[in-house]
Amino acid sequence: MVNNTLLNHGKSGMGTWHLGDYAASRQEEIAALRYGLEHGVSIIDTAEMYGNGRSENLVGEAIQPFARDSIYLISKVLPSNANRHNLECSLDASLRQLQTDYLDMYLYHWRGATPLAETVELMENMVQKGKIKAWGVSNFDLEDMQELHEAGGIHCETNEVLYHLGSRGIEFALKPWQDANAISTIAYCPLAQAGDLQDDLLRHPAVRQVAAELNISVYQVLLCFTLAQSNMVSIPRTGKTAHMKELVDCLDICLSPEQYAVLDEAYPAPQWRVPLDIQ
């Protein structure tokens, strides 16, 4: 059984997609990340792909005032680099950008052409070298996860996938399989930031009803929905301190069973298998 380290660091983290893209907002984004770290959100998720390293560079600067062991740092390797020729060099570049000598979690960003057994072997080698503490994957569907296990990937700790109130397809088959195998789920885009569906979610009477009952924003309702899931970490992305404060506040907000039922009725999980949503 996998010894899952991620879940020891809380239910919520900070996503960084598009952070670091614009020099004018750099200091505000750093301040937002530091606010989260100062208020108990210790997980930061980034990737070499985000801004071709700009996000990692920004995170590296943001974490400098903090003790390294107080932060759970995640980055991701591109499929084109998840092979014996490139993976370690790619990881070393991420470590330099992040100004650290190890990652707590290293994710295979999405499945590419490299045989899974090769990537698994490399991930395990990086653990042995102390460059990463643990590894996982991202955007893997059920068959990918099953094949990963068959390829020797029994130490995979997590799968990062798109998940929010309006996109619950993983609940039918993928998440139950992961739960049974002690593999956590990381929910990216928990506020539906990546799609047009967000406007419908924010305007829906059910979401507004729950927001009014709890005296919170509709964005917070969406985040609280993902935080209510078992074996899951939610990583909303924001570069604004005001929004980060809302994220932090959600750590102390629980949906009642009745409120959860209202949301569940408005946006029920599918009763059949659907393709994995990817953004």
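Checking each residue in the stretch 166-192 for being hydroxyl-bearing (Ser, Thr, Tyr) and within 18 Å of Leu107 (Cβ to Cβ) picks out Ser184, Thr185, Tyr188. Taken together, the residues in the stretch 61-94 that are farther than 13 Å from Gly136 by Cβ, crowded, with 22+ Cβ neighbours inside 10 Å and touching a His at 6+ places or on another chain (Cβ under 8 Å) amount to 0.
Would you confirm, using the coordinates I've provided, whether Leu202 is among the aliphatic types (A, V, I, L, M), surrounded by 15 or more Cβ atoms within 10 Å (Cβ to Cβ) and in contact with a Pro (Cβ under 9 Å, 6 or more places away or on another chain)? So Leu202 does not fit the description; no.
Listed by position, the helices (runs of 4 or more DSSP H) enclosed by the stretch 155-250 that each have at least 2 residues that are over 25 Å from Ala62 (Cβ atoms) are 174-180, 197-203, 205-214, 218-227. The residues of the stretch 168-199 that are among the polar types (S, T, N, Q) and either surrounded by fewer than 17 Cβ atoms within 10 Å (Cβ to Cβ) or modelled with pLDDT of 95 or more (or both), listed by number, are Gln178, Asn181, Ser184, Thr185. If you go through the stretch 251-279 and keep only what is free of Cβ contacts under 8 Å to residues at least 24 places away in the same chain and assigned to a helix (DSSP H, G or I), you end up with Pro257, Glu258, Ala261, Asp264.
Within the option set Leu58, Leu6, Leu33, Leu19, being open to solvent by less than 10 Å² (accessible area, probe 1.4 Å) and at pLDDT below 95 holds for one residue only, Leu6.
On the stretch given as the stretch 95-153, residues that are within 25 Å of Leu58 (Cβ to Cβ), of a type in the set (Val, Ile, Thr) and surrounded by fewer than 21 Cβ atoms within 10 Å (Cβ to Cβ) total 1.
The values are calculated or read from the model by the stated rules, or taken from the named source; none is laboratory data. Remember, it's a predicted structure, so these values are computed and weren't measured experimentally. So basically every Cβ, Gly included, is an ideal-geometry build from the backbone, and we count neighbours across all protein chains shown. SASA here: full protein model, heavy atoms, side chains in, ligands and nucleic acids out. Shrake-Rupley method; radii C 1.70, N 1.55, O 1.52, S 1.80 Å.
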